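FYI, it's all coordinate maths here, none of it is from the lab. Just so it is clear, the structure is predicted and the values come from calculations on it, not from any experiment. In this analysis, Cβ positions are derived from the backbone assuming ideal geometry, glycine residues included, and neighbour counts consider all displayed protein chains.
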Amino acid sequence: MANLVRRPTIGLALGGGGARGLAHIGVLEVLERESIPIDVMAGTSMGGIITALYACGFSPERMQEIALEIADIRNLLRFLDLTPPERGIIRTERIRAYLGELVGKDRRIEDLPIPIALACVDLYSKQTIYLTKGNLVEACMATSAVPGLFPPVPFDNYLLVDGGVLDNVPAQALRKLGAEYLIAVDVNHLLGEHHPWSDLPKDATIRKFLPAFALDFYQAEIIMTSTLTAINLSKAKTDVIIRPPIPSDVNIFFGFTHALDTIQHGVHATEQHIAKIKQDTKPKLRLFG
């Protein structure tokens, strides 16, 4: 009977959102501090990269150091190669090389100590693909390949782009990994509530880089993504949804210079849910499953 008293298998899904995804570091900081174990993980885009780093053994403290290094504009600019690729507008070789330095260019997903799934969308089948095996660096590149910005990534028989196209917070993938208690982190929820560019001055940095039609397209995409996310989280029967209140000037394009503040938003949002998580995941008699 003793072996029937146990806690549920805990899964954590980290959503995409560019620089907004740095809030996931704060989420992980609190979960570790409060001794909440994470058994399986899933992530999309920036959430997928954070998922991969954590599964590789990177502590929240080390990930914060990396984020602050990237936040230095001089370091951030060295990743940008605007030499036109065949597809997209930004070449990804420098980003790929940096990820390889961090996690090991030959590391494989199935060899990680924590089972993970990285969400992507296959342009051939037009379906969500959850990568649970294969080269980790290529999987990270695929889950974060924003359509139109970065080129799609060939992976096995797929041609993959950012999983946020169909599943920005991949809680459903956690069920397939065996999770019984689902924690999801949605870092994009506020962006769909108002036009994030309406209060920006005409000389704002983002306006210099992107024409008005691109900003409108991005806003429309956020609305679609938010709607799909709500549907997907409902289907997954997520137990806890953490929504850090990140300001709209932190977005997919800009905001890495606000890394520390964004991480703290993740900390504070998770602290609001920690009592429920601890109560829900206490060991108890489980006769089934």
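A few points about this structure:
- Debye, to nearest 20: dipole size of the chain, +1 on Lys, Arg Cβ, -1 on Asp, Glu Cβ: 660 debye
- Net charge dipole size for region 21-78 [Lys, Arg +1 and Asp, Glu -1 on Cβ; Debye, nearest 20]: 240 debye
- The HN-Hα couplings worked out from phi for region 128-141 by the Karplus form 6.51 cos²θ - 1.76 cosθ + 1.60 (θ = phi - 60°) are 6, 10, 9, 7, 10, 7, x, 5, 5, 4, 5, 5, 5, 5 Hz, whole numbers, x standing for Gly and Pro.
- This model, with +1 at the C-beta of Lys and Arg and -1 at the C-beta of Asp and Glu, gives region 54-154 a dipole about its Cα centre of some 200 debye.
- Choice from C140, C120, C56 with maximal GNM fluctuation in the chain (Cα, 10 Å cutoff): C56
- In plain terms, the residue of L31, L285, L149, L174 with the fewest other Cβ atoms within 10 Å comes first and the most crowded comes last, giving L285, L149, L31, L174.
- Positive-end extreme of charge dipole, the chain - chosen from T143, L228, I90 (charges on Cβ): L228
- Over 32 Å between alpha carbons, listed pairs K176/K282; K235/K284; K105/K276; K105/K126; K126/K176: K105/K276
- Fluctuation leader among A145, A55, A220 - the chain, Gaussian network, Cα springs under 10 angstrom: A220
- Of H268, H189, the sequence from fewest to most neighbouring Cβ atoms within 10 angstrom is H268, H189.
- Highest-fluctuation residue, L123, L28, L166 considered, GNM on the chain with Cα pairs under 10 Å: L123
- Relative contact order (%) - the chain, alpha-carbon pairs under 8 angstrom, separation at least six: 30 percent
- Distant-in-sequence amide H partners of I129 (H built 1.01 Å from N, under 5 Å): C120, V121, D122
- Integer Hz, Karplus 6.51/-1.76/1.60 couplings in order for region 146-152, x for Gly and Pro: 4, x, x, 9, 10, x, x
- Each distinct pair of alpha carbons in region 45-154 adds a 1/r term; the inverse of their mean, the Kirkwood radius, is 14.6 Å.
- Each stretch of four or more DSSP H residues adds -39500 (n - 2.57); spread over every residue of the chain, this sum gives -11500 deg cm²/dmol at 222 nm.
- Partners of K133 within straight-line reach, counting aspartates and glutamates whose Cα lies under 19 Å from its Cα and excluding those fewer than 8 residues away in the same chain: D39, D106, E110, D111, D122, D156, D162, D167.
- Per-residue Cβ neighbour rank within 10 angstrom, fewest leading, I90, I129: I90, I129
- Close amide H partners of D81, meaning residues 5 or more places away or on another chain with modelled amide H under 5 Å apart, are R91.
- Along the axis of the charge dipole computed for region 45-141 (Cβ charges of +1 for Lys and Arg, -1 for Asp and Glu, origin at the Cα centre), the listed residues L99, Y130, A67 are led at the positive end by Y130.
- Full extension of the segment from D156 to D106, taken as 0.36 nm per residue of separation minus the current Cα-Cα distance, would add 16.5 nm.
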